[in-house]
Amino acid sequence: MDKAIIAKFRDIQGKRWNGMEETDTSIEGKVEYLCSCVDKLRQAKVLVVGDIMLDIFMYGSVDRISPEAPVPVFRFKQQKEILGGAGNVVANLTSLGCPTSFIGIIGDDEEGQKIVKLLEQDHCKDYSLALKQHLTTVKTRIIASHNHLLRLDREVPVANMESIWPKLLENIVQEVPKADIVLLSDYGKGLFSAITTPFIVDICHRFEKPVLVDPKGNDYTKYNGVTLIKPNLKEFQEATGMTFDPTSKNFHDEVCRGARMLFDRCHIDKLLVTLSQYGMLCVEEAAPREVFQIPTEAREVFDVSGAGDTSFAMLGAALGAGIRIVDAMALASVASGIVVGKLGTSSVSLEELKTVLAQRISTAKPIFERQKLCSRNEINRLLAPLRKQGKTIGFTNGCFDCLHQGHLHSFQQAKKECDILVVGVNSDASIKRYKGPDRPIQDEVTRASVVAALEYVDFAVIFDDDSAGPLVELIRPDVIAKEGYTLDNWPEAQKVLSYGGRAVTLKRVEGASTTRLVEKMKGQK
């Protein structure tokens with residue numbers, strides 16, 4: 001899609017799609033704000049276009065192995081039939097109270113009629129086409145004592161799409177203008193081809209409607225020009241041909257590289273990647289070198305079925321209601337955390353969201369809480385709202401190979417000089433260049449994690465340069481503090497002083513050093 005269209009679309013949406021920075025309120029204020037966002041969700045009129053299916057859950061028990069073959073004997077107890085695929089997105093939206101319409105394809109069969117009745121029960125406007133000679137997609141899960149034993153899939157891709165496309169297109173043109181946002185739920189069943197998908201996206205642009213995609217396959221060019229695309233980590237890897245490790249210190253840099261690849265190829269406005277236990281992250285085409293990541297909502301996991309549909313529905317409802325994307329991500333994280341605690345494909349209600357958020361207020365547990373250990377890419381984003389509050393940013397640095405009393409004293413004294421203390425931690429490679437091949441004793445992630453865990457420290461950042469100068473240049477702290485350095489031999493302090501900051505020489509605790517600890521551990525005097 002032409003970049004001019006994307007630019008015009010951004011201008012039309014205005015603040016609805018801006019604001020990747022966190023709000024500058026207290027934890028309780030953030031959660032209370034999210035509670036107020038929940039009430040706005042009902043305002044979003046959502047159109048879902050996608051691959052719908054019938055999910056069947058067969059519940060029972062297994063008490064013995066068959067004498068006929070080495071397989072478990074499943075004793076059936078009950079069966080549950082619910083909407084699956086794009087239908088699960090619909091079910092989550094209607095559960096939130098969103099006026100929802102659906103366009104898709106079903107078979108002219110018994111299972112298709114069940115889908116029609118379920119859509120009707122959910123008060124969804126149904127524009128699904130029932131095709132003769134086509135089987136409705138059905139996924140049957142056999143579950144014993146909360147354990148999935150087997151999944152049976154009956155699916156046939158849609159044939160002769162050209163013959164039914166005019167009717168689908170007619171419905172899309174009719175419903176897009178009525179919606180606040182359009183969600184494309186692609187399960188790879190034939191609806192979204194390289195021909196049909198651009199038509200849908202173009203109609204959304206023509207009526208100035210944001211369009212979100214839950215993708216399938218490794219070729220995203222058919223989604224050219226969409227507002228936001230939401231792959232999971234595996235899908236993101238398949239689309240880029242890259243491998244990503246959320247525990248790696250270079251994770252955000254690699255994500256940005258992959259995101260820029262998709263932005264250049266597909267002109268997507270925003271990329272949102274769900275990371276399972278590592279939360280979710282967002283990168284914008286307007287700022288492709290910056291990553292915003294939030295943690296997952298930790299919960300006991302019974303079943304992950306449909307969790308992606310829940311987060312997709314929540315994102316669509318929130319963005320359709322004009323809620324900022326950072327807050328939409330937080331709500332999606334909470335909703336996914338609720339649904340994985342249920343057995344079987346499930347939806348989340350407004351009441352459940354409010355209950356969980358109310359618990360967060362009472363326990364003062366932050367929804368937006370980040371790990372204090374962060375990367376160079378995200379430190380200034382984290383500091384930005386704190387600077388707006390007038391907080392004084394302090395900085396110190398070191399190797400911190402074996403944390404000792406001297407380090408604790410330095411952190412305590414440095415914290416007294418500022419509101420927010422950022423600690424730069426030398427990488428393994430930089431320490432080896434400085435202290436030799438036998439150091440460090442502990443790896444960089446361990447050292448930085450221990451530093452970040454201290455109450456005096458607000459953020460810890462690993463740096464790979466021979467000095468902390470480039471990191472100081474990036475952060476531009478108000479105060480720099482370190483023990484044992486005089487100003488004439490402290491270039492980082494000179495830099496801070498050059499733009500009006502302060503430099504503080506901290507008192508050293510005599511006899512406390514990592515070198516002495518290492519010697520003592522080796523039995524040396």
task = Find all pairs meeting these conditions: Cβ atoms under 8 angstrom apart; at least six residues apart or on different chains; first residue within the range 236-260 and more than 17 Å from E378 (Cβ to Cβ); second residue assigned to a loop (DSSP other than H, G, I, E, B) and charged (D, E, K, R).
result = A239/D219
request  = Please go through the range 132-144 and pick out each residue that is open to solvent by less than 90 Å² (accessible area, probe 1.4 Å) and either under 30 Å from R64 (Cα atoms) or of a type in the set (D, E, K, R) (or both).
outcome  = V138, K139, T140, R141, I142, I143, A144
Criterion (modelled with pLDDT of 90 or more and in a helix (DSSP H, G or I)) met by exactly one of L152, L135, L184, L119 = L119
remark   = Filtering the range 452-473 down to residues that are under 23 Å from P440 (Cβ atoms) and part of a helix (DSSP H, G or I) yields A452, G469, P470, L471, V472
query = Given the structure, is L150 open to solvent by 10 Å² or more (accessible area, probe 1.4 Å), aliphatic (A, V, I, L, M) and out of contact with any Asp or Glu (no Cβ under 7 Å at 6 or more places or on another chain)?
reply = yes
request  = Could you please give the count of residues in the range 308-327 that are small (G, A, S) and surrounded by fewer than 24 Cβ atoms within 10 Å (Cβ to Cβ)?
outcome  = 3
message = Residues to consider are E378, E473; find the one that is among the acidic types (D, E) and either open to solvent by less than 20 Å² (accessible area, probe 1.4 Å) or touching a residue at least 60 places away in the same chain (Cβ under 8 Å) (or both).
response = E378
task = For the range 457-470, enumerate the residues that are touching a residue at least 24 places away in the same chain (Cβ under 8 Å) and open to solvent by less than 60 Å² (accessible area, probe 1.4 Å).
result = V457, D458, F459, A460, V461, I462, F463, D465, S467, A468, G469
message = So the check is Cβ under 7 Å with 6+ separation or different chains; which pairs have a first residue in the range 408-436 that's closer than 16 Å to A503 by Cβ and a second one that's of a type in the set (D, E)?
response = S410/E483; C418/D478; L421/D458; V422/D458
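Yes/no matrix, rows are residues, columns are (1) open to solvent by 40 Å² or more (accessible area, probe 1.4 Å); (2) in a helix (DSSP H, G or I):
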residue: K80; (1), (2): yes, no
residue: A130; (1), (2): yes, no
residue: V158; (1), (2): no, no
residue: K167; (1), (2): yes, yes
residue: N171; (1), (2): no, yes
request  = Would you kindly identify the helices (runs of 4 or more DSSP H) lying entirely within the range 292-367 that contain at least 3 residues that are at pLDDT 85 or above?
outcome  = 307-320, 325-339
task = Return only the number of the condition from (1) part of a loop (DSSP other than H, G, I, E, B); (2) within 21 Å of the chain's Cα centre (by Cα); (3) in contact (Cβ under 8 Å) with a residue 40 or more places away in the chain that K216 does not satisfy.
result = (3)
task = Tell me which residues, restricted to the range 386-407, are of a type outside the set (K, R), without any contact (Cβ under 8 Å) to a residue 60 or more places away in the chain and farther than 18 Å from S449 by Cβ.
result = G390
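The values are calculated or read from the model by the stated rules, or taken from the named source; none is laboratory data. Please read all numbers here as calculations on a predicted model, not as lab measurements. Cβ sites come from the backbone with ideal geometry, for glycine too, and all protein chains shown count toward neighbours. To get the accessible areas, we keep the full protein, side chains included, count just its heavy atoms, and leave off ligands, DNA and RNA. Shrake-Rupley method; radii C 1.70, N 1.55, O 1.52, S 1.80 Å.
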